[in-house]
Amino acid sequence: MTGREDETAGQSADVERTFAAFPPARGRGFAVSWWGQAWLTALEESALDLQQLKAGRGLARGGAVGAVSVRPGRITAMVRGRDRTAHRADVLVEPLAEAQWERFLDMAVERAGHVAALLDREMPPHLVEDASVTGIDLLPGLGELEPECACGAWDHCEHTAALCYQVARLLDEDPFVLFLMRGRGEQALLADLQVRGDTESAAGTQNFAASRARPGMDATEAYATGDILPPLPALPELPTEPGVPPSLDTEAAPGVAGVDPAALEVLAAGTAVEAHRMLAEALQTTPGTVSELTVAQDAARLAAGASDAGVIERLAEGSGRGREGLETAIRAWRLGGEAALSVLDEQWQVEGEALARARAALESAWDEDERPPLRRDGNRWTLEEAPAQLRLGRDGRWWPYREEAGRWVPAGAPARDPATALAATEPDGQRTDGTRDGEGP
């Protein structure tokens, strides 16, 4: 055990904190906050072997880093390497001297916004800059992340690199992790700031209390960060297709009883598709309104992307459609999404201008001697001489339906022209007047 570890042994839990292992993080960055990114910059600019950094990123993404212990001057974790052998990895960070902490505390308490931001788990940029002016570097610089690993490497290896990438995720969630590495735990730091606030003046005490009652940042300080922080990034481009969730088809049993992995995969895949659709609408120049699907509609959406028979059976029962009804709804969803499901489920009265437009479209679609006899019921026009039907959507499009086994099912995509839509109901060249192509009318 090193001398630095001896100094912290037996002290309060505020001196050492242990964080549970993160789950795999494939497909996402390690640092979102600017202070987390600064931590990774210190690692990536000082490591000599870029291949070890790449390997470390892969280990961290794959969940190879165990629980992380953080204490003044040192972070520790067991890391399983590419050969599946676990090694203890340590990264050392020089703690601040007592005199440096005194200067830092005196500086920090002068600005209520610094304290308020810390209470809100934020690292205000001015805090780092103001500390630097007094000769205190809170964030590590080039070469300050010193590695120690049981694998025997003298520079950053895949194990210490993986640990550093994982710590970036910790810093994103809680900037007090950085202060602990520099020598002060959260409770001790806040207590020291409270003492400074009490001894400064009555106004200083009131400012500190106000910062705790109303977490936030002084408006002047917040405005000033515009000259420090980088500009907001441009809007992302729309991915060509929805992302593919990870497969849950493993030999390991679910960690929670009652969880159906197949059903969970369907939900994850369906959520990715829906998120892609919503992002597409949000990135439009004039975004439309994202409507909320009903339970029965959402069941059809999920079932359209499912292949597991058990999952489809559960969706059929939960939606109230039954197996045959769900199969019809799946067909509708694949033809036209929510609009097609609305035409399937909803029957409404066509009146006024909408009815006049519908009649005009029907009269102009065929010559008078070729117009098929249609019987109207609400927004549905049924052919009298064949098992075919036209349904008018609220957007003015005509949807073709065909009778199969006593049920009306979608027969094709919608069309503005009713004759085009009705032609989609003709099976194997059979015309809607009862004859076949090539025969007389």
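The values are calculated or read from the model by the stated rules, or taken from the named source; none is laboratory data. Every value quoted in this text rests on a predicted model; they were computed, and no experiment measured them. Reconstructed Cβ throughout: ideal geometry from the backbone, glycine too, with neighbour counts over all protein chains shown. For the accessible areas, the whole protein counts, side chains as well, though only heavy atoms, and no ligand, DNA or RNA atoms are used. Shrake-Rupley method; radii C 1.70, N 1.55, O 1.52, S 1.80 Å.
For the pair A97/R323, report the inter-label distance in nm, with labels modelled 7 Å from Cα in the Cβ direction. Modelled inter-label distance: 8.0 nm.
Kindly state, to the nearest 0.05, the FRET efficiency for S364 paired with D260, given R0 = 45 Å and r defined as their beta-carbon distance. Let's see the in-between values first.
Values: r = 53 Å, r/R0 = 1.17.
Once the sixth-power term is evaluated, E becomes 0.30.
Of the trypsin sites (Lys or Arg not before Pro) in region 49-116, the ones in a loop by DSSP (not H, G, I, E or B) with at most 14 other beta carbons within 10 Å are R82, R84.
Each label point was placed 7 Å from the Cα along the Cα-to-Cβ direction; for A67 and R331 their separation is 5.7 nm. In angstrom, the C-alpha Rg and Dmax of region 77-183 are 16.2, 52. Put a plus charge on the Cβ of each Lys and Arg, a minus charge on the Cβ of each Asp and Glu, and nothing anywhere else: the dipole of region 41-117 about its Cα centre is then about 640 debye. For D106 and L235, the difference between the fully extended length at 0.36 nm per residue and the C-alpha to C-alpha distance is 42.3 nm.
Between V295 and A268, the C-beta separation translates, for a Förster distance of 25 Å, into a calculated FRET efficiency of about 0.85.
With the simple model of a label 7 Å out from the Cα in the direction of the Cβ, R357 to T18 spans 6.8 nm. Along the axis of the charge dipole computed for region 307-402 (Cβ charges of +1 for Lys and Arg, -1 for Asp and Glu, origin at the Cα centre), the listed residues W366, I330, P400 are led at the positive end by I330.
Out of the total accessible area of region 346-401 (probe 1.4 Å, heavy atoms of protein only), what percent is carbon and sulfur?
Carbon and sulfur atoms account for 39 percent of the accessible area of region 346-401.
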